[in-house]
Every structure is written in C-alpha cells, then in structure tokens.
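**Student:** First the structure, which I've put down as structure tokens, then a few questions once you've had a look.
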Amino acid sequence: MLKMMKTMTLISILAVAGGAAAGPGVDVGDNAPGFTLEDAAGHEVSLGDFKGKVVVLEWTNPDCPFVKRHYQENSMNKLASAYSDSGVVWLTINSTNYMDAAANASFAKKEDIGWPVLVDQDGAVGHAYGAVTTPHMFIIDTKGIVVYEGAIDDDPRGNMEAGARTNYVANALNDVAAGQSVSTPETKPYGCSVKYAK
Amino acid sequence: MTEFRYFKWLGGALAIVLATAAAAEESLVHARLVADTDKLRAGGTFHLGVLLEPEPGWHVYWRNPGEAGLATEIAYELAEGLEVGEVRWPVPISFVQSDGIDGFGYEDPVVLAAEVIASDSVPSSAPVTVTASWLACKDVCILGSATLEATLPLKGTELAASNVALEAWSEALPIALEPGVLDLSITGGPVLSEGAVDMVAWLNWKAAPGSVEFFPDPGPGLKIEGVRVQNRGLLTRIDFKIARLKNSSDPSTMLRSLIVIEDERGKRSAWVTHIELD
C-alpha cells in the first residue's frame, strides 16, 4: 500500500509534464485533409478538384533508391496507368525540402509521368498526412475517407519475382472498385525517410 | 548489470586485419565475415556473423528501423552439419532521420551474429556463406549488400580479429531485465484491434540511472508513435502511442523493447523488457 501511494505521488508529479504525444498524420478512416499544391508546371491542384473520385497519393523523392527502383521497374507507372484508365486519380507529392518545381519537372520528364507531380517543399501536406517514407501511399475513397495507408507492396528490397509480390495498393483499389471494404487497409511503409525541411 | 562498450575502437585496426576475409568492395558499408571457432567440434557451438563498418556519417538500421528506413538482414548458407540460430542485435543508437522521423541503427562498426551448433556429423572444415543486406543513409539512402564466403574454421589473423569482434558483440548485446534493477509498471491499454492507445511505462529505478533511452521493437502488426522519455531522479516516465495495424493478423500480445541507460562516462547498459498489451 505504501509503495502504491509512493508511486501515485510520483505519477502526479510527472503527470504535469507528461501527456502522450499524439501521433501526427492521418489514420485509416479519417477524412483526408484538403490541400492545394502547385504541380511541376506551376498549376494549382487541389484535392477538392477530385470530389467523388478515388485518389491515390504517392509520396516520392527521385533521389531515393526505393523510388528509383519502382520507376526503373516501371511498376509505379504501370500501376498508375492501369487504374487511371478506370477513373482513379493519381497524385505524386514530393515533400523533399530541396526539390523545387524544376526538379519535379525534370523527374516527371525522365520517368514519363503523365499525372501531376506536386511540389511540397515546406512539407506541410506531408506532415498533415504523416508521410514518413518514400514511397508512402495513401488511398482516398469517393467519400473523401482515407481507406489505405502504408507501403506499395511487400517487397522492400525488390528481391521477389514480380508475380510473387503482394501489391497492397492494387489490392486496395480493387476492393474499393468492387464496393468492398479494404481487406488490408494499413501496412508499415518502407523506404527512405521523407527529407522534410527543418 | 552488464556493461558494454561500443565498437569505436574496433575501427581501423580490425578492418585492416580482416581485409583478406572478403573481397574488398567500394561501398558505404564495409562487410567482413566473422566466426570465432578454431575447430569444428561435434556438438560444439560458435558464433558466425558479419562485421559492418559504415563510412563516417552513414548509418545502417536495427531490427526495428524506426519510422522509416529498412532493417538490416543477415542470411546464412551453411554446410550440412551446421545449424544457425537467431541473429542477435547489439543495442542501437537513435537518430533523427528527418524532421519528426526517428530512426534506430548503428553508425559505428557493429557485428550482427548468431550462434551456430555443429552436429555429430560436422566435417573438420566447412564452407559457409553469409549475406548481409542493408540500407545505408546519410543525407540520402543507398541499398547495399555483401555475400561473404569462407571455409571454417578461420585461421591466423582472421580468427584473431573475429574473436575480438565477437567478444565486443557479446558485450554489446542487451540482456533480460534482472530483478533489482528497476520496477516496471504500465498504465494505459489494452491495445485492442481498433484505435491507438496511450500507454505509459513507469520505471522505478533502484539506483539513479543517468540518461534513459527506450527502443520499442514492435511486431509486424504493431505501430508505435510519439515516444517521449522523461527522467526525475529514480523515476522514468515513458509515454508512447501504440496501435495495431488494421486487419493485421499479427497476434502479438507483448511489446518487446529495450531500456538503455548511459552513465556520465558514456557507458551504456541495456535490458530487454516485454510489455503486456492485453
């Protein structure tokens, strides 16, 4: 009993300065935070422009080897193209602090990216979503709810045969298209840390 | 209490001695095979692993890389008659990878190794292959790997250097939490299938601990955010937010973690704890 009282006293002392830090970003089931960013050509793009559509957000950094691999393998382009044909909106967001519109334009040209690459140099949108890695994927459904958050697939090192990989984004988009809840709505993202502005 | 030293002193000398153990490769991380047996004995045990030496300023990752990064991997191909156990990881350091993104890993030379058991049929010499795969990061990140081949037992300077490296490895491993070090109590939880939960680990030390660090090592279906450590004399309060990944099949009921203290002279001690989640 004495020990318990002692502990309680100490708890009350520390509780003043305590308070668990809330995790930043969005969770699956949250409303997707709105944003307006400029694409590599300087045109404003808002999430609100795509109300009623399924939107994929792909955090990127052209200097990151995980990103490079996915583009060299054409896996990101194939995925984006396949689902764009069925009305899914794909937005690539670059929160790398040292990459301006010109750097993103160069990346888009080199990788033949036909969808918006958005400039988020101050990291505001990246922090709002809690993007921590490149790549880091989010899927927003037609009601504006985050229905998937995490890795693109289960093969961080790219060692697996293409057919053996589980592509979480493709699976989630298929679930959404079928009107089903996403069977794997959350995974641990892998990759380089997002190089946020300090 | 087990004390250990980091491997800073291993740096140059060991690298030179071991240079013949594997083909040198231009890399941000230099990898050398280490094995501390002078004779393969039936029923005997020894340790086999890899010494990784990142270039200055670069780091590789612990088994939990933190919020970004990638755990280092060690894979073994052993001759018949040799069976390898689980890789054991020295205590990592923590670093900020980018604004608000924590990471856990190693900047100084580190050995990742496992115990190997020799069966009754073990030959007197046996080929082994150890493959290390890592993500090395500084301002940018580079994936790397090394496939290291050797015939055991090693001899001469290679064996001597291995013995030194694996002795340091052994001293740098965390140990199970012993009675008499601290009382651990948990508030918060349970960690159910939905939603994040705030938990607090209270460490009531028997002796003033110096600085305290907390390294969570969650299973694949758990995520940890917002770790915050506060010290007041003999009490340490560790706040964190924990959640199960939605629809995860990971049945973890415990959170494995390391509690690490460092005294004024820079000596670190580390214990493994298991925090109940249910």
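**Student:** Out of B:ARG265, B:ARG256, I need the residue that is away from chain A (no Cβ under 11 Å), outside any strand (DSSP E or B) and charged (D, E, K, R). Which one?
**Tutor:** B:ARG265
**Student:** Taking region B:219-233 on its own, how many of its residues are at positive phi and not in a strand (DSSP E or B)?
**Tutor:** 1
**Student:** Every residue in region B:184-224 that is over 25 Å from B:GLU262 (Cα atoms) and of a type in the set (A, V, I, L, M, F, W, C), please.
**Tutor:** Those that are over 25 Å from B:GLU262 (Cα atoms) and of a type in the set (A, V, I, L, M, F, W, C): B:VAL191, B:LEU192, B:ALA196, B:VAL197, B:LEU222.
**Student:** Where in region B:52-94 are there strands (runs of 3 or more DSSP E), lying fully within it, with 1 or more residues that are within 13 Å of chain A (Cβ to nearest Cβ)?
**Tutor:** B:60-66, B:73-78
**Student:** Does A:ALA172 fit the bill of being buried (at least 21 other Cβ atoms within 10 Å of the Cβ) and not in a loop (DSSP other than H, G, I, E, B)?
**Tutor:** Yes; evaluated as a whole, the condition is true for this residue.
**Student:** Follow-up. Mind checking which pairs have a first residue in region A:65-91 that is surrounded by 14 or more Cβ atoms within 10 Å (Cβ to Cβ) and a second that is among the aliphatic types (A, V, I, L, M) and assigned to a helix (DSSP H, G or I), Cβ under 7 Å, 6 or more apart or different chains?
**Tutor:** Filtered contacts from region A:65-91: A:HIS70/A:MET76; A:LEU79/A:VAL169; A:LEU79/A:ALA170; A:TYR83/A:LEU173; A:VAL88/A:LEU173; A:TRP90/A:ALA80.
**Student:** For the structure I just gave you, tell me whether A:VAL169 is within 14 Å of another protein chain (Cβ to nearest Cβ) and in contact with a strand residue (DSSP E or B) (Cβ under 7 Å, 6 or more places away or on another chain).
**Tutor:** No: the conditions fail for A:VAL169.
**Student:** If you don't mind, another one. Name the single residue that is nearest to the other protein chains (Cβ to nearest Cβ) among those in region A:140-156 being touching a residue at least 12 places away in the same chain (Cβ under 8 Å) and not in a strand (DSSP E or B).
**Tutor:** Here the answer is A:PRO156.
**Student:** Pairs needed: first member in region B:100-111, within 14 Å of another protein chain (Cβ to nearest Cβ); second member anywhere, among the acidic types (Asp, Glu); C-beta distance under 6 Å; at least 6 residues apart or different chains.
**Tutor:** Once the first residue is within 14 Å of another protein chain (Cβ to nearest Cβ) and sits in region B:100-111, its partners that are among the acidic types (Asp, Glu) give B:ILE101/B:GLU67; B:ASP102/B:GLU67.
**Student:** Output the residues belonging to region B:119-135 that are in contact with a Gly (Cβ under 8 Å, 6 or more places away or on another chain) and in a loop (DSSP other than H, G, I, E, B).
**Tutor:** B:SER119, B:ASP120, B:SER121, B:VAL122, B:PRO123
**Student:** Here's another thing I want to ask about it. Restricting to region B:257-275, give me the number of residues that are surrounded by fewer than 21 Cβ atoms within 10 Å (Cβ to Cβ) and touching a Gly at 6+ places or on another chain (Cβ under 8 Å).
**Tutor:** 3
**Student:** Hey, any hits in region B:95-112 for a residue that's at pLDDT 95 or above, among the polar types (S, T, N, Q) and closer than 25 Å to A:VAL67 by Cα?
**Tutor:** No; the residues of region B:95-112 include none that is at pLDDT 95 or above, among the polar types (S, T, N, Q) and closer than 25 Å to A:VAL67 by Cα.
**Student:** Moving on. Do you know which of the residues in region B:224-245 that are facing chain A (nearest Cβ under 7 Å) and basic (Lys, Arg) is surrounded by the fewest Cβ atoms within 10 Å (Cβ to Cβ)?
**Tutor:** B:ARG232
**Student:** Which ones in region A:175-198 are loosely packed, with under 15 Cβ neighbours inside 10 Å and at the interface with chain B (Cβ under 7 Å from one of its Cβ atoms)?
**Tutor:** A:SER183, A:LYS198
**Student:** Further question: Only one residue in B:VAL200, B:VAL227, B:VAL272 is touching a Ser or Thr at 6+ places or on another chain (Cβ under 7 Å) and not assigned by TED's automatic domain parsing to the domain that holds B:ILE101, so which one is that?
**Tutor:** B:VAL200
**Student:** If you don't mind, there's one more thing I want to ask. Can you find, within region B:112-135, the residue that is surrounded by the most Cβ atoms within 10 Å (Cβ to Cβ) among those that are within 14 Å of chain A (Cβ to nearest Cβ) and in contact with a Pro (Cβ under 9 Å, 6 or more places away or on another chain)?
**Tutor:** For region B:112-135, the residue satisfying everything is B:TRP134.
**Student:** Tell me which residues, restricted to region A:100-122, are farther than 17 Å from A:LEU79 by Cα and among the hydrophobic types (A, V, I, L, M, F, W, C).
**Tutor:** A:ALA101, A:ALA102, A:ALA103, A:ALA105, A:PHE107, A:LEU118, A:VAL119, listed by residue number.
The values are calculated or read from the model by the stated rules, or taken from the named source; none is laboratory data. Keep in mind that this is a model prediction, so the values were computed, not measured. FYI the Cβ positions are ideal-geometry reconstructions off the backbone, even for glycines, and counts take in every protein chain you see.
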